[in-house]
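The values are calculated or read from the model by the stated rules, or taken from the named source; none is laboratory data. Since we're looking at a predicted model, the values are computed, not measured. Cβ sites come from the backbone with ideal geometry, for glycine too, and all protein chains shown count toward neighbours. To get the accessible areas, we keep the full protein, side chains included, count just its heavy atoms, and leave off ligands, DNA and RNA. Shrake-Rupley method; radii C 1.70, N 1.55, O 1.52, S 1.80 Å.
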Amino acid sequence: MTRVAAVDLGTNSTRLLVADLEDGRLEEVVRRVAITRLGEDVDRRGRLLPVPVARVRNVLAGYRRELEALGAERTLAVATSAVRDADNGEAFLGEVEWSYGFETLLLDGRAEAELTFRGVAAGRSLEPGTLVVDVGGGSTELVLGGPEGVDRALSLQLGSVRLTERFLHADPPAADELEACAAHVRDVLPALEGVRRAIGVAGTVTTLAALDLGLTDDDPARAHGHRLTPAAVAEQLERLAALPLAERRGVPALEPERAPVIVGGAVLVHELLGRYGLAELEVSERDLLHGAALAAAERPPRAEGPAPPGAYTCC
């Protein structure tokens with residue numbers, strides 16, 4: 001048995017998974033999530049800003065202490081849309097490696113999609129024509145595959161943070177803003193043939209599941225496997241879009257720091273279900289983080305060396 005840790009440096013959240021890996025099976029030990037908004041204003045400025053970076057650093061310090069206390073033997077931190085879109089993204093990863101001792105991996109869109117598919121498929125067999133949908137803050141990954149693996153993987157410049165910053169400025173969002181946001185999503189979503197069923201992952205999808213179930217707090221065990229219908233997503237979208245941000249922050253089961261971007265994420269999920277004629281979206285708590293944990297176990301031990309480039313000059 002090997003104890004591994006994976007860190008997801010996402011556009012909207014920074015997440016940790018510590019898990020035991022034995023015979024290809026992952027058993028969760030602990031999972032954490034913090035809304036850090038690393039991708040704040042990256043779409044407009046093209047850089048990671050000092051305040052979001054400081055939020056991530058504060059969270060990583062706690063994650064480092066916890067995974068060491070739990071005896072994780074290998075740690076891999078993966079970075080996605082915000083970091084790959086930022087001019088100083090690689091310097092930021094150098095700082096993460098030097099300051100916290102994490103091995104880091106900057107994922108391009110396809111690699112992110114494939115690792116997400118691997119995480120979803122861990123411990124189960126996916127039927128042919130399964131579309132895995134990862135709705136992130138800066139990008140959305142669409143991965144079509146089945147029991148033999150990935151057939152097609154796409155990364156789209158659509159995400160809850162990106163859509164919110166581009167289209168949803170009024171509080172609550174105005175009707176014309178919501179329609180402009182939805183129209184943009186429809187324009188970007190590509191045609192896909194052979195989609196028979198879909199599995200959705202990440203915070204937007206799991207939050208919509210919790211709201212649809214009427215949960216009062218975060219309960220991954222109940223959200224996992226839940227089926228979201230187009231009608232259920234439309235109901236939650238209408239409800240959330242009608243609330244000012246201050247009231248949205250108080251909605252049970254909605255993380256207050258996710259409240260500013262949940263409407264943009266819900267628009268995306270609603271349009272996606274319609275685009276591919278899906279009767280439901282299965283919710284999975286297994287995602288990119290689990291794929292990264294599997295990848296962490298396969299990587300060779302990290303050799304010590306000098307500070308990576310940019311370790312002191314990131315932000």
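Applying the selection to region 69-93, what residues are charged (D, E, K, R) and either touching a Gly at 6+ places or on another chain (Cβ under 9 Å) or assigned to a helix (DSSP H, G or I) (or both)?
Arg84, Asp85, Asp87, Glu90
Looking at (1) in contact (Cβ under 8 Å) with a residue 60 or more places away in the chain; (2) open to solvent by 10 Å² or more (accessible area, probe 1.4 Å); (3) of a type in the set (A, V, I, L, M, F, W, C), which is the only condition Ala61 fails?
Tallying (1) in contact (Cβ under 8 Å) with a residue 60 or more places away in the chain; (2) open to solvent by 10 Å² or more (accessible area, probe 1.4 Å); (3) of a type in the set (A, V, I, L, M, F, W, C), Ala61 fails exactly one: (1).
Pull up region 224-244, narrow it to residues that are touching a residue at least 40 places away in the same chain (Cβ under 8 Å) and aliphatic (A, V, I, L, M), then point me to the one that is surrounded by the fewest Cβ atoms within 10 Å (Cβ to Cβ).
Among them, the one singled out is Ala242.
Could you pull out the residue among Leu178, Leu168 that is closer than 19 Å to Pro244 by Cβ, open to solvent by less than 30 Å² (accessible area, probe 1.4 Å) and at pLDDT 95 or above?
Leu168
Could you check region 81-102 and list, in sequence order, the residues that are open to solvent by 10 Å² or more (accessible area, probe 1.4 Å) and under 17 Å from the mean Cα position of the chain (by Cα)?
Of everything in region 81-102, those that are open to solvent by 10 Å² or more (accessible area, probe 1.4 Å) and under 17 Å from the mean Cα position of the chain (by Cα) turn out to be Arg84, Asp85.
For region 30-39, enumerate the residues that are of a type in the set (Gly, Ala, Ser) and outside any strand (DSSP E or B).
Gly39
For the structure I just gave you, tell me whether Val7 is open to solvent by less than 20 Å² (accessible area, probe 1.4 Å) and under 17 Å from Arg258 (Cα atoms).
no
Kindly establish whether Gly138 is in contact (Cβ under 8 Å) with a residue 24 or more places away in the chain, open to solvent by 10 Å² or more (accessible area, probe 1.4 Å) and outside any helix (DSSP H, G or I).
Criteria not met by Gly138.
From the list Val161, Val188, Val205, Val201, exactly one residue is within 23 Å of Asp108 (Cα to Cα) and surrounded by fewer than 16 Cβ atoms within 10 Å (Cβ to Cβ). Which is it?
The match here is Val188.
Which residue out of Ser125, Ser139, Ser155, Ser160 is in contact with an Asp or Glu (Cβ under 6 Å, 6 or more places away or on another chain) and under 20 Å from Ala198 (Cβ atoms)?
Of Ser125, Ser139, Ser155, Ser160, the one residue that is in contact with an Asp or Glu (Cβ under 6 Å, 6 or more places away or on another chain) and under 20 Å from Ala198 (Cβ atoms) is Ser155.
Open to solvent by 10 Å² or more (accessible area, probe 1.4 Å), without any contact (Cβ under 8 Å) to a residue 60 or more places away in the chain, small (Gly, Ala, Ser) and in contact with a Ser or Thr (Cβ under 7 Å, 6 or more places away or on another chain) - does that describe any residue in region 245-256?
yes
Hey, any hits in region 144-154 for a residue that's open to solvent by less than 20 Å² (accessible area, probe 1.4 Å), of a type outside the set (Lys, Arg), in a loop (DSSP other than H, G, I, E, B) and over 20 Å from Leu49 (Cα atoms)?
no
Filter region 270-295 down to residues that are touching a Pro at 6+ places or on another chain (Cβ under 9 Å) and open to solvent by less than 10 Å² (accessible area, probe 1.4 Å), then give me how many there are.
Residues that pass the stated criteria total 2.
Mind checking which residues of region 10-32 are over 20 Å from the mean Cα position of the chain (by Cα) and buried (at least 23 other Cβ atoms within 10 Å of the Cβ)?
Within region 10-32, no residue meets the criteria.
Do you know which of the residues in region 40-58 that are in a helix (DSSP H, G or I) and touching a helix residue (DSSP H, G or I) at 6+ places or on another chain (Cβ under 6 Å) is least open to solvent (accessible area, probe 1.4 Å)?
Here the answer is Val42.
Which condition number does Ala111 fail, the rest of (1) open to solvent by less than 10 Å² (accessible area, probe 1.4 Å); (2) in a helix (DSSP H, G or I); (3) among the small types (Gly, Ala, Ser) being met?
(1)
Note down all Cβ pairs under 8 Å where the first residue falls in region 190-202 and is on the phi < 0 side of the Ramachandran plot, the second is assigned to a loop (DSSP other than H, G, I, E, B) and small (Gly, Ala, Ser), and they're at least six residues apart or on different chains.
Going by the 8 Å Cβ cut-off, the qualifying pairs are Val195/Gly129; Val195/Gly277; Arg196/Gly129; Arg197/Gly129; Ile199/Ser284; Gly200/Ser284; Val201/Ser284.
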